[in-house]
Each structure stands twice: as C-alpha cells, then as structure tokens.
Amino acid sequence: MPFLTHLVRQTHIPTANKRSMTLPVIKKKKEIGDYVLGKTIGRGASGRVKLGIHKHTGERVAIKMISRSHLLSSSTTSKSVQRELAVLQLLHHPNLVDLYQVLQDSSYVYFVMEYLEGGELFHYLAKRGRLDESEARLLFIQLITALNWCHAHHISHRDLKPENILLDKENKKLKIADFGMAALQPYNTLLKTSCGSPHYASPEI
C-alpha cells in the first residue's frame, strides 16, 4: 500500500465536542506537532504553504498543508505528493530545500520544510528587474550545481522556473523547491510525458 494512502487512512482522530453557543469563542492559533501555523506564504496545485514557528526554539519553517480528502479523491495529487516526498527524502544538497518531517491530523498531511526568508526568485526579479552579471552568475552557478546533483541521482525536476527557486534573506543563496512533477530518469533514456509550465518550456516542447 502506498505510503501516503496508508498515512491518510491509518487512524481516526476524534474531534472535540462543540462549544456551547452561550459561551464566547476564543479563536486559538492552529498548532501541529511542535509548530504554530502562521500566515500563508504560498499556494500550489497540491496545497497551500504556511509559515510555521517552533513553539520552543522559535525556528521558522515552511509547512505545506495537503488535504487528506484531496489525496484520497485525486490520483493526480496523490502521485504528485508521493513523488515529492520520495525525492525530498532521497536528495540532500545545499541548494535543495530540506524536508524536516511529515506530520498529520484529521484533515491534513503536513510537510515541514526549510523556510527561506527571501521568497521566490520570481518576485525578486519582478521587483528588482534585470540582474547584473555578477549576481546572475552567483545564482546560476548554484542552480546548475543543484541540477547536476539531481541528474547524478537520475532525478529530473521537470518544472524548473523562478517560482520554484527560493532565496535566502540576503538573496545570495538559492534553493530549488517543489518536486511534485519530478521523475526518475535513468541514463540514456528519454521522458515522454509533457508536463511543467508552458511559459518556461524549451522551444522543442
């Protein structure tokens, strides 16, 4: 049985009794594991991403929330999430986003991942405009190094674009994210499925 299907179906988590309508309702911050969920910092095909704060250390993380019901009803989403989980568990590199742990409750599966304060390269380019040669070279070297690492492990990202490249606070270090469309690609083989984002596809595609 696939890991995610087992994870989603394994345990029924009882819900708390409803509050009496005569009592004032105090909205409590959502928590999962050792993290308090904050603002939404991103959205994707498989779910939204929220900022998480560790309750004891204050460490900030990015938490992807994937609906359990969506996983069970959509084979496309389920396969995408399984691919991303497999790649994040397999690959570790200074220029790839790290997965810290996987959590769940009655409604969601949560990927607790590394948080990069600089946000998407897309937004940085939209705000900054064209990069000068030295800055572009610094980022491009990191990008190519990370891709070379992926390809050495027979992994093709298949959706590389500025929206899936994240920057640190100083905008000097980048990390590739979102491996939901990644695929295993052995040497001397070609992938035959058309996927990714059309605006960033190579001309021959």
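The values are calculated or read from the model by the stated rules, or taken from the named source; none is laboratory data. Keep in mind that this is a model prediction, so the values were computed, not measured. Ideal geometry is used to build each Cβ from the backbone, glycine not excepted, and the neighbour counts take in all protein chains shown.
A few comments on the model shown:
- Qualifying positions in segment 39-68 - closer than 17 Å to D105 by Cβ and either in a strand (DSSP E or B) or modelled with pLDDT of 95 or more (or both): R48, V49, K50, G52, K55, V61, I63, K64, M65, I66, S67
- Within segment 66-93, the set of residues being touching a strand residue (DSSP E or B) at 6+ places or on another chain (Cβ under 8 Å) and surrounded by fewer than 19 Cβ atoms within 10 Å (Cβ to Cβ) comprises S67, R68, R83, Q89, L90.
- Number of the exception - L96 against (1) over 24 Å from K39 (Cβ atoms); (2) touching a His at 6+ places or on another chain (Cβ under 9 Å); (3) modelled with pLDDT of 95 or more; (4) buried (at least 19 other Cβ atoms within 10 Å of the Cβ): (2)
- Options L160, L167: the member that is out of contact with any strand residue (DSSP E or B) (no Cβ under 6 Å at 6 or more places or on another chain), crowded, with 18+ Cβ neighbours inside 10 Å and closer than 14 Å to L139 by Cβ: L160
- Test: residue in segment 69-87 that is in a loop (DSSP other than H, G, I, E, B) and closer than 26 Å to Q185 by Cα: yes
- Of the residues making up segment 50-65, those that are surrounded by 15 or more Cβ atoms within 10 Å (Cβ to Cβ) and touching a residue at least 24 places away in the same chain (Cβ under 8 Å) are L51, G52, R60, V61, A62, I63, K64, M65.
- Set side by side, the residues Q142, Q104, Q185 differ, and just one is polar (S, T, N, Q), in the same structural domain as E59 (by TED's automatic domain parsing) and surrounded by 15 or more Cβ atoms within 10 Å (Cβ to Cβ), which is Q104.
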